1. Can you pull out the residues in segment 421-442 that are in a helix (DSSP H, G or I), within 15 Å of Y453 (Cβ to Cβ) and open to solvent by 30 Å² or more (accessible area, probe 1.4 Å)?
2. Before we move on, is D89 open to solvent by 10 Å² or more (accessible area, probe 1.4 Å), acidic (D, E), free of Cβ contacts under 8 Å to residues at least 12 places away in the same chain and not in a strand (DSSP E or B)?
3. Restricting attention to segment 501-513, which residues are closer than 16 Å to A445 by Cβ and assigned to a helix (DSSP H, G or I)?
4. Restricting to segment 318-336, name every residue that is open to solvent by less than 10 Å² (accessible area, probe 1.4 Å) and farther than 18 Å from G271 by Cα.
5. If you go through segment 39-51 one residue at a time, how many are touching a strand residue (DSSP E or B) at 6+ places or on another chain (Cβ under 7 Å) and either among the hydrophobic types (A, V, I, L, M, F, W, C) or on the phi < 0 side of the Ramachandran plot (or both)?
6. Restricting segment 258-273 to residues that are modelled with pLDDT of 95 or more and β-branched (V, I, T), which is least open to solvent (accessible area, probe 1.4 Å)?
7. Taking only segment 384-395 into account, find how many residues are free of Cβ contacts under 8 Å to residues at least 60 places away in the same chain and farther than 15 Å from A427 by Cβ.
Amino acid sequence: MSRAVRGASLAAVVAVAGCGGGSMRVGARFSTDWTDDGGVSIGRIWDKVGSMPIPASADVVIGVAGNTDKLVGLPLGGGSKWTFAHPLDARPVVTGSAVIGSGGGEVFALDAHTGAVIWRRPTGGLSMLGAGDDGSVSVVTFQRSGGVGSSLLAVTHDGQVVSQIETDKALGSPAVLAHLAFVPWVGQYVSVLDLSSGDEIARVTMREQTSRAWTQSGSLWFGQGSFVRFDAHIRDASKGQATKVTLPARELPGTPVLVPAGSEPVMAVAGAGDKVHLYARPQGTESGAGVSDDHWYATYFRLAMGFGISQGKLGWVHSHTSDFIGGAAASGGLVLCDEQGKITSLDAKTGAVVSEADVGEPLKACVVSVDAQHVSGPGADTKPFAQQLADAVTSDDAQLVVAQKLLLRELSTMEDDTATKTLVDLASDPRTSPDMVPDARAALANRRNGASYMEAALARHYDFLKDVLRPPPVGPIAQALGAMKESGASALLASHLLDPADTVDDVKQAAAALAVVASPDQLPTLRQFFGMYRARATDDDLAAAVVSVGQALINLQDEPNVAEAAKDDDTVPYAKERLQALVSAMPAQPGPAQTDPGAAPKKKK
């Protein structure tokens, strides 16, 4: 091809691209003036190519490095790292054995294993949307200038343009199988183009948002927020009866998405949507389709989480040293890359680190493709789930707070002493985010185990000179210990009645617990508090503490103090009224023995 053609824009290339005749056309390409054929045309395509084997895509990590002017490839199954210097204006795509990228006014294809150039063509500066490749031909879609309409370019591996299409419709990211291009468009249709003729030979109406088509785990898939399998049921897609896999709905931090919309360019530099992301690997089954290992995954900056597919139950949390910017679910686990260029493989069921690799330099973005490779290996020692949660929620990282609040709720449901210790630490540490403290205190109040950790916390009092900069969470600990009837904690609780660093609510809750667990050893402290505040309580919470201490005194058979206070007009009204009720509820004391005046006197012996 001449130098003039190679330097032409994509619009000019269409004039020289060959277009042959075709048959079995369903109408004008990407025309909405079309009556749904009930799956007839797509059914013919399934009958024609459905039994063909689909080769696995390359197992490789492609990093965007430098000033978005360099690609770094690291084969995951063995092989040498490679680099390719080229300006990039969009995220590269790994499809089949090729890497498709664009920038500097051209689009190019590289061998995913070696980085060798397969082909390159001018684009006129259009933004790449997505690409598909079947080992012999690549199909690339572009967003046209101004963001209205799309272009499609099909190039064989020897560099020949076989099809060029311009349309005013919003195309998505295509897939290629058996020299047929499966092209999603306007989020609703998938059209099948015969690349030999450029004709649209089949179309299917989707009932799921669909902007991407791709091959994975031996099948062709369509979708965006869910996975629709290309199988014998695809002819029933317009009836909503195609084979579909959807992840269970559950609360997740940052509302991550499964895949970005294929009808919008993906920027060359990773953003928040890459750091907060969902991952799942669809796979065909005898009954239709499912998710590999019955697990799916989410990342939130430097946290990775694994969930069960049935109910979306959180199974593990991995805390990393830097933010994740890309990844892929694999058979056996999850492969992630971070902004430092580290590649980490995690076990599907435990989150244990199975393997690690390094591209050798920081990355602006990365694309992970894992199709044939299985994540397996001995893995690092797996921490108990409660400890994984503890590590995540106690991490001193302000950007993690949204996820930490969710993980804190998970932790609070665990009957494990480690969970109690973590809640105590969070509520006690002055570095804990103010957004986390109320949740930690509330969860701690509802604990019914881990008393030793609570008691250890009560033994610490605010002391600036000893670097104890926040009082322990006395209130919620008191609520928990009182509910557990932990009498062994009574001395520690009593020590906080007169601590000026504790809040009035802390004192109120400590007194309420002492009303249940106080022992005679605490009588001096109880009497001192009662005497100091029963006439000087400045608010209802402090007065309520007086009443609780009064109950503790009654329990310890020190009724006279309480009875006298209940009658004394100096006692604050809130406390006086309630103390009177306590005194009235006391059992009547037996008086001196009475003599019956009519009885005969007893005889002296």
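1. Matches in segment 421-442: K421, D425, R441.
2. Values: open to solvent by 10 Å² or more (accessible area, probe 1.4 Å): yes; acidic (D, E): yes; free of Cβ contacts under 8 Å to residues at least 12 places away in the same chain: no; not in a strand (DSSP E or B): yes.
The answer is no for D89.
3. Start the filter on segment 501-513 by keeping residues that are closer than 16 Å to A445 by Cβ, which leaves 502-503, 505-513.
Of everything in segment 501-513, those that are closer than 16 Å to A445 by Cβ and assigned to a helix (DSSP H, G or I) turn out to be D505, D506, V507, K508, Q509, A510, A511, A512, A513.
4. Hits for segment 318-336 are A329, A330, G332, G333, L334, V335.
5. From segment 39-51, those touching a strand residue (DSSP E or B) at 6+ places or on another chain (Cβ under 7 Å) are 39, 41-42, 44-45, 49; that's our starting set.
Checking which are either among the hydrophobic types (A, V, I, L, M, F, W, C) or on the phi < 0 side of the Ramachandran plot (or both) leaves us with 41-42, 44-45, 49.
Qualifying residue count for the region: 5.
6. If we take residues in segment 258-273 being modelled with pLDDT of 95 or more and β-branched (V, I, T), then V266 is least open to solvent (accessible area, probe 1.4 Å).
7. The first filter runs over segment 384-395 and keeps only residues free of Cβ contacts under 8 Å to residues at least 60 places away in the same chain, leaving 384, 386-387, 390, 393-394.
Now restrict to residues that are farther than 15 Å from A427 by Cβ: 384, 386-387.
Number of matching residues: 3.
The rows are residues; the columns are (1) farther than 30 Å from A90 by Cβ; (2) under 16 Å from the mean Cα position of the chain (by Cα); (3) hydroxyl-bearing (S, T, Y).
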{"residue": "E356", "(1), (2), (3)": "no, no, no"}
{"residue": "P362", "(1), (2), (3)": "no, no, no"}
{"residue": "H374", "(1), (2), (3)": "yes, no, no"}
{"residue": "A392", "(1), (2), (3)": "yes, yes, no"}
{"residue": "D396", "(1), (2), (3)": "yes, no, no"}
{"residue": "L400", "(1), (2), (3)": "no, yes, no"}
{"residue": "L407", "(1), (2), (3)": "yes, yes, no"}
{"residue": "S412", "(1), (2), (3)": "yes, no, yes"}
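The values are calculated or read from the model by the stated rules, or taken from the named source; none is laboratory data. Everything numeric in this text was worked out from a predicted model, so none of it was measured. Virtual Cβ from ideal backbone geometry, glycine too; neighbours counted across all protein chains shown. Side chains included, ligands, DNA and RNA excluded: accessible areas come from the protein's heavy atoms. Shrake-Rupley method; radii C 1.70, N 1.55, O 1.52, S 1.80 Å.
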